[in-house]
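Following: one structure in structure tokens, then a few remarks.
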Amino acid sequence: MPNDPPATEANGALAVLIDADNANPAIVEGLLAEVAKFGVATVKRIYGDWTTPNLNSWKAVLLEHSVQPIQQFRYTTGKNATDSAMIIDAMDLLYGAPLTGFCIVSSDSDFTRLAARIRESGKRVYGFGERKTPRPFVSACDRFIYTEVFTQPPAAEQGRKGWSAKELRGDRELMKVLRAALDDASDESGWAQLGTVGSAMNKLAPDFDSRNYGYGKLSDLAKAIGLFDVEKREQRVLIREKERG
């Protein structure tokens, strides 16, 4: 994760709502560990038609992690009743439970409006889905984490490094977001606190995550790019762009 959430945010109560048809049971352990960084999962529900065999792989995982399965029959072929059930429950929780945010686990763009509506009510939305997740849903969340980071071992364990300096510098979106965040957070000397830069990057790009590039921390990613000075001073980690020439 590129930066830690504020302490007040990390102590909040969260609802975790999982679309079983659009999520993999292999992500659950990593998912709940990630959710714990943002707050306390006081509600954990997963939606699907549990009478169908394609969801059997979920059952042992749900018992182990105390996730409540919500039954939703498929009344009509081609219509996603699961999405409707999740949305209705989310709105009930929005108005009836003392929550600070919602974790929506799906790669389905049908939850775009739900995410926007929850944020309009002053709650935070953390989205979790595969890289194929449509951009509108990603952008509607405060943070969006690609679930591949929960199933792929760290680069070091795979016997390889993360993206090379050339690959990182060639990612125009990454460089644009990093430089914009640094410019916004830096003082007159050009230095900025790394945590503040990470928070600014997530505001500009909800799906930014150093793990997407094979690095566990933003500091490691910034060093790998080779265009930034990263220094630790007392309890703070600072970053600035290297002087050219």
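What are the lysines whose alpha-carbon lies under 19 Å from the alpha-carbon of Lys59, with same-chain residues fewer than 8 places away excluded?
Lys44
So, how do all the Cα-to-Cα distances of region 46-144 break down into 5 Å bins, in percent, from 0 on up?
Final binned percentages: 2, 12, 21, 22, 22, 16, 6, 1.
How high is the relative contact order of the chain, given as a whole-number percent (alpha carbon pairs under 8 Å, six or more residues apart)?
18 percent
Rounding to the nearest 10 and keeping the result within 0 to 90°, find how far the Cα-based axis of helix 172-185 lies from the longest principal axis of the chain.
The helix 172-185 is inclined about 70 degrees to the chain.
What percent do you get for the relative contact order of region 147-231 when only Cα pairs under 8 Å and 6+ apart count?
For region 147-231, the relative contact order is 32 percent.
Starting from the exponent 0.38 and prefactor 2.2 Å, build the expected Rg for region 159-241 from its residue count and divide its actual Cα Rg by it.
Cα-based Rg divided by the globular estimate yields 1.02.
Just to confirm the number: angle between the C-alpha axis of helix 194-204 and the first principal axis of the chain, 0 to 90 degrees, nearest 10?
50 degrees
Report the FRET efficiency, 1/(1 + (r/R0)^6), for Lys232 and Thr51, where r is their Cβ-Cβ distance and R0 is 45 Å, rounded to 0.05.
Computed FRET efficiency for Lys232 and Thr51 comes out at 0.25.
Quick one: which residues, 5+ away or cross-chain, put their amide H under 5 Å from the amide H of Cys103? H built at 1.01 Å from N.
Placed amide hydrogens put Ala15, Val16, Leu17, Tyr126 under 5 Å from Cys103.
List the residues, sorted by chain then number, that are 5 or more residues from Asp207 or on another chain and whose placed amide H is less than 5 Å from its amide H.
Residues meeting the criterion, in which the H sits 1.01 Å from N, are Phe144.
Give me D for the chain in µm² s⁻¹, whole number, from Stokes-Einstein with Rh from the Kirkwood sum over alpha-carbon pairs, 20 °C and 1.002 mPa s.
111 µm²/s
Can you return the lysines within cross-link range of Lys232? Criterion is Cα-Cα under 17 Å, with same-chain partners fewer than 8 residues away left out.
Candidates past the 8-residue exclusion: Lys217, Lys223, Lys242.
So if each residue of separation counts as 0.36 nm, and I subtract the Cα-Cα distance between Ala116 and Ala13, what length gain in nm does that give?
35.2 nm
Could you calculate the FRET efficiency of Thr42 with Lys203 from 1/(1 + (r/R0)^6), where r is the beta carbon distance between them and R0 is 30 Å, rounded to 0.05?
0.70
Within region 99-139, list the chymotrypsin sites (Phe, Trp or Tyr not before Pro) lying in a DSSP loop whose Cβ has at most 16 other Cβ atoms in a 10 Å radius.
Counting only loop positions with at most 16 other Cβ atoms within 10 Å, none of the chymotrypsin sites (Phe, Trp or Tyr not before Pro) in region 99-139 qualifies.
At what distance in nm do the modelled label points of Glu188 and Tyr95 sit from each other, each positioned 7 Å from its Cα along Cα→Cβ?
For the pair Glu188/Tyr95, the computed spacing is 5.3 nm.
Mind checking region 156-231 for GluC sites (Glu not before Pro) that DSSP puts in a loop (not H, G, I, E or B) and that have at most 12 other Cβ atoms within 10 Å?
Glu188
Run the numbers for Asp220 and Met175: contour at 0.36 nm per residue of separation, minus the present Cα-Cα distance, in nm.
14.7 nm
Where a number appears in this text, it was derived from the coordinates with a stated rule and is not lab data. Predicted, not measured: the structure shown is a model, and the values here were computed from it. Because the Cβ atoms are built from the backbone with ideal geometry, glycine has one as well, and the counts that use them run over all protein chains shown.
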